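The structure appears below as structure tokens.
The values are calculated or read from the model by the stated rules, or taken from the named source; none is laboratory data. Bear in mind the structure is a predicted one, so any value in this text is a computation, not a measurement. Note: ideal-geometry Cβ built from the backbone for every residue, glycine included; neighbour counts use all protein chains shown. We work out accessible area using only protein heavy atoms, side chains counted, and drop any ligands, DNA or RNA first. Shrake-Rupley method; radii C 1.70, N 1.55, O 1.52, S 1.80 Å.
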Amino acid sequence: MTTPRLEPVTPDNVDAALALRVHPHQEHHVAPVVRSLAEAYAYGDTAWPRLIVDGDGDGGEVVGFLMAFVDIQWDADKDPDDRRSGLWRLNIGAGHQGKGYGRYAVGAVGEELRRRGAREMYVSWHAGEDGPGAFYRGLGFRETGELAGDQIVGVLAL
């Protein structure tokens, strides 16, 4: 890993974004980038999609994709005033995993959310041995006891 950075998805890099694939055994844990981009379009300003690019200048390589959610209404049935921000998606390319890009991405989202005034960052994940729970717990996320659908919800103080 050299110097990773986040970049918006543009007409110049959208094909690289759509070509990004996680390991086949991880595909059931995270939606493909194409779905995330469709959701980013549908959710407008509450979605913050970015590519994770490694390398300097225009020659950088797309190594991952992330999407944050910003100030969404969490569960209107329980508490209409409960608004949260966090990491919605994290896809690190199969050949780029284990190199610190995921850790960088979570940190970068935390910085962006802090800049926007958030005091906590949420994430959810599928349970299971091959799921990302250990990764998120290792970064300091603690389980809230809530579920988002069938996913465990974690929170990290910013």
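Here are some conditions: (1) open to solvent by less than 70 Å² (accessible area, probe 1.4 Å); (2) within 15 Å of the chain's Cα centre (by Cα). Residue 103 meets all but one. Which one does it not meet?
All conditions are met except number (1).
Any idea which residue in region 56-87 is modelled with the lowest pLDDT, counting only those that are in contact with a strand residue (DSSP E or B) (Cβ under 6 Å, 6 or more places away or on another chain), closer than 17 Å to residue 3 by Cα and surrounded by fewer than 20 Cβ atoms within 10 Å (Cβ to Cβ)?
If we take residues in region 56-87 being in contact with a strand residue (DSSP E or B) (Cβ under 6 Å, 6 or more places away or on another chain), closer than 17 Å to residue 3 by Cα and surrounded by fewer than 20 Cβ atoms within 10 Å (Cβ to Cβ), then 60 is modelled with the lowest pLDDT.
Take the residues in region 122-158 that are among the acidic types (Asp, Glu) and without any contact (Cβ under 8 Å) to a residue 40 or more places away in the chain; name whichever of them is most open to solvent (accessible area, probe 1.4 Å).
129
Might you let me know whether region 143-156 holds any residue that is more than 20 Å from residue 29 (Cβ to Cβ) and either modelled with pLDDT of 95 or more or of a type in the set (A, V, I, L, M) (or both)?
Yes, because at least one residue in region 143-156 is more than 20 Å from residue 29 (Cβ to Cβ) and either modelled with pLDDT of 95 or more or of a type in the set (A, V, I, L, M) (or both).
List the residue pairs whose Cβ atoms are under 6 Å apart, where the first residue sits in region 14-42 and is under 21 Å from residue 133 (Cβ atoms), the second is modelled with pLDDT of 95 or more and of a type outside the set (D, E, K, R), and the two are 6 or more positions apart or on different chains.
Within 6 Å, the pairs are 22/91; 22/94; 23/94; 30/91; 36/67.
So, in region 88-100, exactly how many residues are open to solvent by 20 Å² or more (accessible area, probe 1.4 Å) and closer than 17 Å to residue 47 by Cα?
Matching residues across region 88-100 total 3.
Could you give me the residue pairs with C-beta distances under 7 Å whose first residue belongs to region 45-73 and is under 14 Å from residue 101 (Cα atoms), whose second residue is among the polar types (S, T, N, Q) and part of a strand (DSSP E or B) wherever it lies, and which are 6+ apart or on separate chains?
64/91; 65/91
What's the number of the only condition in (1) of a type in the set (A, V, I, L, M, F, W, C); (2) open to solvent by 80 Å² or more (accessible area, probe 1.4 Å); (3) closer than 22 Å to residue 104 by Cβ that residue 16 fails to meet?
(2)
Looking at the structure I just gave you, is residue 108 within 17 Å of residue 49 (Cα to Cα) and surrounded by fewer than 20 Cβ atoms within 10 Å (Cβ to Cβ)?
Answer is yes for this residue.
Looking for something under 24 Å from residue 2 (Cβ atoms), of a type outside the set (Asp, Glu) and either assigned to a loop (DSSP other than H, G, I, E, B) or open to solvent by 30 Å² or more (accessible area, probe 1.4 Å) (or both) - is there at least one such residue anywhere in region 22-30?
Looking through region 22-30, at least one residue is under 24 Å from residue 2 (Cβ atoms), of a type outside the set (Asp, Glu) and either assigned to a loop (DSSP other than H, G, I, E, B) or open to solvent by 30 Å² or more (accessible area, probe 1.4 Å) (or both).
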